[in-house]
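Only one structure is covered here, and it is reproduced in the block below.
The values are calculated or read from the model by the stated rules, or taken from the named source; none is laboratory data. Predicted, not measured: the structure shown is a model, and the values here were computed from it. Ideal geometry is used to build each Cβ from the backbone, glycine not excepted, and the neighbour counts take in all protein chains shown. These accessible areas exclude ligands, DNA and RNA; they are computed on the full protein's heavy atoms, side chains included. Shrake-Rupley method; radii C 1.70, N 1.55, O 1.52, S 1.80 Å.
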Amino acid sequence: MNMTRRGFLGGAAASFFIGGCCTGSCGPRKIAPNAKVNVGVIGCGLIAKTTNVPGFLQDPRCRITVVCDMVKIAPDYFYGGRNSNFGAEGFAKNDGSYRRDVCGWQVVKDMVDKHYGDTACRVVNDWRDVINDPTIDAVAICTPDHWHAIMSIAAMKKGKHVFCQKPMSLSIAEGKAMVKVAKETGVTFQVGNQGSTNPAFRLAEEIALNGYAGKILGATICIPACDHWIGHGRSSARAPLPRYFSKEGWKMWQGPALHWENDAYIPSIHDPTCWRFNNRYGGGMIPDFGAHEFDELQRGLGTQFTGPVAIENMETDYATGSDRDVFSWAGEFKFDFVYANGIRCHVRKIDVEAGWPRQTIFHCEKGDVGSYAYKGKVPDCLKNFKESDLTDKDIKLYRPNEGHDGSKFHESDFLDGIIEGCTSVASTCEMGHRTISMAHIANICERMQLKSLKWDPNTEFFTGAYADEANRFLDVEYHNGWELGA
């Protein structure tokens, strides 16, 4: 089997979906020969600025024609540093470029305009203006997680192709709905998981998958713990709304999440990148990094369209600390995924000093295979193994088109799918859903403070002890008039 391509506010939100393009009635956007794919970028934070926008700009077959955000320009969109407190004069470096931790629609528009040599890129503040724009062929959704499903489904119903950042959903029910609409509309859907187009990782996965290192005995994954860049600690302290947010913009940012009393701003979960630590907006580090590492595991096991059957040996510090409603997820964790064939993958936090760098390693009879400290890893006996050594009988994972193999061409792989009119891409909606479902079931086990839970990947429901209670966590509740629209 060769997996190649060929093969804004309040009640107004609910009415947005009424009378729109019904699921399946709008076919996917078709691109005329020699025409460019018009892309709209929703969310102008760090991931858009440093990854997705450059990825689209490097491909001449598309043009970013509109960017959307409520924030014009703001500091501290960075993993780690906080409280720089610099003014407008400090946003730019001496050469006129913006500091890495400065984001907002002005920053992204300036990047786009500089690349194209004009000022044609438009700015809107309401994401629905992008979805409803008949000139837009594809959207890049670069928002916090609590917006991913609503925006993706709305875009797909309009026939627009979707590039959705990881983690692609906030719940298993959201992911199932996204997969359903993606299939019914036939749009091209790419999850922003650049590791799926990393050739070094792919080769290691194919070595494990095809038994070149012998039988897979188990696996180990190391991902960051939750407190490594939070900065503020687990605090419920309120603060004045940052200057870069208007009151209307702040309400829109919160959107379908339950708003805090008086629309309070809590820096420990509302400052840029901190939102991932509260369950109203994100799932903590397990889905945030598991979106990468669990995806590697799934591809190396050949289980991209299924998943494990149990979570076992869960240990976390979930019950410790104060203000749990604010800082929703455990700071530390370790647990095992168990598959139907008995393979067990141990997941734990990164501890470089103790010899546990970031990794996804398959423990095989001939040695370890996978990614280790950001590099591909194989046993010495396979150090000269090349992709060309794979045979026609081997299972080969998805390969992008020539010239688009590599993490920096993930957006080009998405564009290939759009232009060629196919749904086969490196990280499809269903693959992304199956990967992030693993993180969700781990989070549910953590949240319930259980040692283990059984999971049926066919029905996508928990089974066995505590199943009824666990299944109540498969969905999230929307507020303020917003609906999923599926």
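Data table
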quantity: Apportionment of accessible area to carbon and sulfur, the chain, percent (1.4 Å); calculated: 51 percent
quantity: Cα Rg over Rh - region 198-308, Kirkwood; calculated: 1.16
quantity: Theoretical gain in end-to-end length, Ala120 to Thr459 [0.36 nm per residue, Cα-Cα removed]; calculated: 117.2 nm
quantity: Förster radius 25 Å - calculated FRET efficiency between Met448 and His259, Cβ distance, rounded to 0.05; calculated: 0.45
quantity: Most to least accessible of Lys49, Lys251 (protein chains only, probe 1.4 Å); calculated: Lys251, Lys49
quantity: Estimated [θ] at 222 nm from DSSP helical runs (n ≥ 4, -39500 (n - 2.57)) normalised by residues in the chain, nearest 500; calculated: -7500 deg cm²/dmol
quantity: Whole-Å distance, taken between Cα centres, linking region 187-219 and region 235-265; calculated: 40 Å
quantity: Reachable lysines from Lys451, criterion Cα separation under 25 angstrom, eight or more residues apart if same chain; calculated: Lys334, Lys349
quantity: Debye intensity ratio in log₁₀ form over the Cα atoms of region 334-444, taken at each q of 0.11, 0.20, 0.21, 0.22 Å⁻¹; calculated: -0.54, -1.39, -1.39, -1.38
quantity: Long pairs among Lys36/Lys408; Lys36/Lys157; Lys166/Lys408, criterion Cα-Cα beyond 25 Å; calculated: none
quantity: Structure-derived Cα extents along the principal axes in Å - corresponding label in (1) 98, 52, 45; (2) 78, 59, 44; (3) 58, 58, 51; calculated: (3)
quantity: Viscosity 0.890 mPa s, temperature 25 °C, Stokes-Einstein D of region 157-199 from Kirkwood C-alpha radius, µm²/s; calculated: 218 µm²/s
